[in-house]
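Below is one structure, written out as structure tokens; comments come after it.
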């Protein structure tokens, strides 16, 4: 009588595969079981890794981008009273783009950042600022031309914690080399003197 043995269903249960007593001819079943066990182990390992990466670390994967500081650090500058002055450049031989106002000498335009570090609003007045040359001569801004070229720059109200970019314009006589500027919070303040770059 011919007895036919059927193969048990394939599962990934390592204990069942290890304890199975099914035998085939030529040792093929042992090789087959070893291969199935290897495949099952690989599948289970991959599934475990995927579960760890996807399900268990939601809090760690969502990263909040760095937000800017709520209060920026004060920029560098020179202080007189509650006003801080920052001067980066001097535009010598500045040319009026409309050519409507010709200087007696040459135009010198000075962009100046003025920041108010006080608790109350302060008014920056162009008339209080002076350009100086090595011999001691001083020049006041040409406020008439400033009013025409840069409206509102002759008198600027700056709120606490705010800053404004102001353009000061001087008509410098030929042959005079201005090398310093004296800046004031007000007409009565001591003022600070900056070297012109």
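No value in this document is a laboratory result; all are computed from the given coordinates. Being a predicted model, the structure only gives us computed values, none of them experimental.
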Exercise for the section: Whole Å is fine, so just give me how far the alpha carbon centre of segment 173-194 lies from that of segment 80-120. Expected result: 11
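Can you give the relative contact order of segment 78-195 as a percent, counting alpha carbon pairs under 8 Å and 6+ residues apart? Present the calculation step by step, with values, prior to reporting the outcome.
Numbers: 258 pairs, mean separation 38.1, N = 118.
Rounded, it is 32 percent for segment 78-195.
For segment 107-171, what mean projected area does the convex hull of the alpha carbons give, in nm²? Please list the in-between numbers first.
Working: hull surface 18.3 nm².
Reported value for the Cα convex hull: 4.6 nm².
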Practice task
Quote the convex hull volume per residue of segment 83-197, based on C-alpha atoms, as a whole number of Å³.
Solution key: 96
